[in-house]
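Below: one structure in structure tokens.
Computed from the coordinates by the stated procedures, all read-outs in this text should not be read as laboratory data. Values in this document were obtained by computation on a predicted structure and should not be read as measured data. Counting neighbours? That spans all protein chains shown, and the Cβs are built from the backbone with ideal geometry, glycine included.
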Amino acid sequence: MLNEQTRSKLLAMKLNGIAEAYEEQRTQSRAAELPFEDRLALLVERQWLWKESRSLAARLTYAQLKESACIEDVDFREARGLKRAVLDQLSTGDWVKYHQTVIVTGPTGTGKTFLACALAQKACREGYRAIYFYAPKLVRELALAQADGSLSKLLKKIAKAQLLVVDDWGMAKLDEQRYRDFLEILDDRQGSGATLITSQFPVNAWHETIPDPTVADAILDRLIHNAHRIELKGESMRKRKVKGT
């Protein structure tokens, strides 16, 4: 009876990890042979793991990544210009910590989205809050938010994310206001957030896609300066999978 009361109180205090480990220790005769300090350490470790697992799940739910990708699953066998040393450096998460930018470019099907989601997932595992947008969808959400008066709320939500992922930049033609909105997003992130951009278009072609040269200069200055750049190449990986190669 006392054991059940203890377990109920642990659950009431949301110490589910300790409650689970406590139940296990009660049913394992060898656990009783351990010193009190060791048993307590095992309980605390289980609670810490339980809390970390729940926090990670919440961050991944918030991020809404397009693909369930892990950095450990990135394929280096394809001759597509992806260097292991570069990815190992980015895997540490320091680029997120120091509010830097990663730009991934390359033809369709070369794995840009998978790589972006893998880096974002790793950032979530490191404790950072990320948020993912398919670029055309971000444009639509900005336009809708401006129409219904919630633009300020949306911009604040994006600004709070420690990592912003914008996938397939350049796919949709924007009006000048949307480019100015995007510039405001980048301004809000200066010194406070990291940004990851993927695009089918090479960086040197981005300027001509933005109607206002002044806005174009400002956007590119904020994105390209000291950015980590990954240029993927080669045939579409989707086509290779279909071929079975």
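Extending each Cα 7 Å along its Cβ direction at L11 and R125, get the distance between those two points in nm, one decimal.
For L11 paired with R125, the spin-label model returns 3.2 nm.
Once fully extended, how much extra length lies between S53 and K153, figured as 0.36 nm per residue of separation less the alpha-carbon to alpha-carbon distance?
33.1 nm
Between E231 and R180, what is the spin-label point distance in nm, taking each point 7 Å from the Cα along the Cα→C-beta axis?
Calculated label separation equals 3.4 nm.
Only sites in a loop by DSSP and with at most 11 other Cβ atoms within 10 Å count here; which trypsin sites (Lys or Arg not before Pro) in region 142-193 make the cut?
K173
Still on this structure, please answer the following. In nm, what is the difference between 0.36 nm times the number of residues separating E72 and K173 and their Cα-Cα distance?
Full extension of this stretch gives 32.9 nm more.
Return, ordered by residue number, the residues of region 35-76 whose backbone nitrogen is under 17 Å from a label point located 7 Å along Cα→Cβ of R84.
Those under the cut-off are 71-76.
Restricting attention to region 15-100, which trypsin sites (Lys or Arg not before Pro) occupy a DSSP loop and are surrounded by at most 10 other Cβ atoms within 10 Å?
R77, K83
May I ask for the angle, rounded to the nearest 10°, between helix 135-148 and the longest principal axis of the chain, with both axes built from Cα atoms and the value confined to 0 to 90°?
Tilt of helix 135-148: around 90 degrees.
Oh, and also: Starting with the fewest neighbours, write out W206, W169 ranked by other beta-carbon atoms found within 10 Å of each beta-carbon.
With the sparsest Cβ surroundings first, the list reads W206, W169.
Return M171, M13 ranked ascending by Cβ neighbour count within 10 Å, so the fewest neighbours appear first.
Lowest to highest Cβ neighbour count: M13, M171.
List the equivalent ellipsoid semi-axes of the chain in whole Å, largest first, each obtained as the square root of 5λ for an eigenvalue λ of the Cα gyration tensor.
After scaling each eigenvalue by five and taking roots: 43, 23, 15 Å.
Which distance in Å, rounded to a whole number, links the C-alpha centroids of region 1-61 and region 95-150?
36
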